[in-house]
1. What does the charge dipole of chain B about its Cα centre add up to, to the nearest 20 debye, if the Cβ of each Lys and Arg holds +1 and the Cβ of each Asp and Glu holds -1?
2. Would you kindly derive the ³J(HN,Hα) couplings of region A:47-62 from the backbone phi angles with the Karplus curve 6.51 cos²θ - 1.76 cosθ + 1.60 (θ = phi - 60°), listing them in order in whole Hz, with x for Gly and Pro?
3. Projected onto the charge dipole of the protein assembly as shown (+1 at Lys/Arg Cβ, -1 at Asp/Glu Cβ, origin at the Cα centre), which of A:Val46, A:Thr79, A:Val208 gives the Cα projection farthest towards the positive end?
4. In percent, how large is the relative contact order of chain B, given Cα pairs closer than 8 Å and 6 or more residues apart?
5. Across peptide A:134-144, how many C-beta atoms of other chains are within 10 Å of each residue C-beta, on average?
6. Calculate the dipole size of the protein assembly as shown relative to its Cα centre from +1 charges on Lys and Arg beta carbons and -1 charges on Asp and Glu beta carbons; express the result in debye to the nearest 20.
7. Just to be sure I understand the curve: with the Debye formula and one point per C-alpha of the protein assembly as shown, what is log10 I(q)/I(0) at q = 0.12 Å⁻¹?
8. Collect residues whose amide H, placed 1.01 Å from N in the peptide plane, falls under 5 Å from the amide H of A:Val248; neighbours closer than 5 in sequence don't count.
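Nothing in this text is a laboratory measurement; each read-out follows from the coordinates by a stated rule. Because the structure is a prediction, the values reported are computed rather than measured. Here the Cβ is made from the backbone with ideal geometry for all residues, glycine too, and neighbour counts use every protein chain on show.
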Amino acid sequence: MTRMEADVVPAAPAKPRELGPPIVEICNVEKRFGSNHVLRDVSLTVRRGEVVVIAGRSGSGKSTLLRCIDHLETIEGGTIHACGELMGYRQDSMGKKTELSDRRVARQRRNMGMVFQSFNLFPHLNVLRNITISPVKIMGEDPARAEAHARELLERVGLPDKAEAYPSQLSGGQQQRVAIARALAMRPQVMLFDEPTSALDPEMISEVLDVMIDLSRQGMTMIVVTHEMGFARAAADRVLMMADGVIVEDAPPEEFFTNPQSEHTRLFLSKIL
Amino acid sequence: MSWSWDHFMRFLFSDYMLHGVWTTIWLSIVAMVLGCSLGVVVAFMKMSKTWILRQIANAYIWVWRGTPLLVQMVIIYTVLPKVGIRLGVVESAIVALSLHEAAYFAEIVRSGVLSVNRGQKDASRALGMTWAQRMRYVIIPQATRVIIPPLGNQFNLMIKTTSLASVISMEELFRRTQQLAQLEFKVLEAYMCAACWYLLMTTVWGLIQKQLEAHYDKPFGPVSDSSEKKSDPVLSGQAAQV
Ligand SMILES: Nc1ncnc2c1ncn2[C@@H]1O[C@H](COP(=O)(O)OP(=O)(O)OP(=O)(O)O)[C@@H](O)[C@H]1O
Ligand SMILES: [Mg+2]
């Protein structure tokens, strides 16, 4: 693990960046699965252009938090605003929330791209169709334009010659880069990554992280659940620690690594570094 | 009573018999098409988020799979007229066979849809697809591979099951065979003749099914080094014995 991080770290410039207005605002979110209280009063604001890394033990609620932002999960309390909209709900004057229709939520999700641990490419479509299906069939983009854009994105993720390949013919690292290109094809304002490298063989991790670092340099707003602290050092503006559904640490990388406030963070760092 | 090739050959290609064969063919196709269409509806009702729709689907499947088709057919033909729904022989046969098929096909469709990896749903939702778009572009194309083989078996069954429509005097292959047998007192010849025709129909369908399965069972994309294709347990079993 440390060897991989060493590969990633050197390119890191000190990066105080221009951050825009808040683009994702999570306020007092509560989430339960039955009796399992997974998110407890979670609040988090992410500004345009910011890169936020979330770490935490298995089961601490990282994936759930990410999925709630995209409204892949409902929430029991609190609100999530993304790209200027209340995600997944309509709120009446009394503050009571009703879930939006499938179509309305689908539209909201188009502002965000999501990348999963298990890639989830569509196995029945080739790479090009994987990337263009949403722009063309969902957004009604002109097919030729969408294809040109897709090829541009493939270039960006370093796979210009894989347009015609099927997912089953690609390595894990290549599949994940295609998944990133597919998410970017929607021209999202925010990118959500859920452990994008955890399912990869060690030698493929850096090819995916490089793409993500590149993306962060181009000013993309990113929320990244990962344990790759090399990436956090290289690209993050803030690193968060989650434990039992609570954000227990929220600090710039230098502070997170050198002067952690939470016992959870100290324990985590002692294990990983 | 001795076997008469003469009668057998005469029965086999008699217009009377051929008509029965043709009726069996179209009855099977019509009942299959209607039954599968309804089956898809029932399957999606069963997977719906709405409690009442799920319960209706469950009840439907429970009743139609839990009672003999023969009983259903007689009820539809003889009891429904008493409550004011009068269906002819042909309509009754089609309705009974379709409703029955739907109950089985619903479960086939449901397991096909459920066989698609959960991650596919997440990914398509995250890409901003609505339910209908997810189904159309992502789920159904992948579920089809799983659905095709049992669908083929259902059609094979359907060809044979249409013979039950003879009890409500539908003039399909089996009924015509019965009548020929009684008319000429050549029972064995007549039924052997029917067996031959059923066998021919199911065999032809078997060949078509094989083509379909071969088409849909191809790995997605051109075949490469993929060692992931599952080996046939029967074949590998034989290989082990050799
Ligand atoms: N769909 C679900 N139904 C029921 N419980 C769930 C569901 N998804 C997650 N959970 C539970 O919620 C808790 C948080 O899960 P979550 O996946 O968010 O954790 P995580 O921090 O992402 O962990 P990991 O590092 O293992 O991915 C766990 O206890 C998990 O069992
Ligand atoms: Mg997770």
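1. Around 1040 debye, computed over chain B.
2. Each residue's phi maps through the Karplus curve to give 9, 4, x, 7, 10, 10, 9, 10, 10, x, 4, 4, x, 7, x, 5 Hz.
3. In the protein assembly as shown, that residue is A:Thr79.
4. 28 percent
5. That works out to 2 on average.
6. Value, rounded to 20: 1220 debye.
7. Here the Debye-derived log intensity ratios amount to -1.11.
8. Amide H neighbours of A:Val248: A:Met241, A:Met242, A:Ala243.
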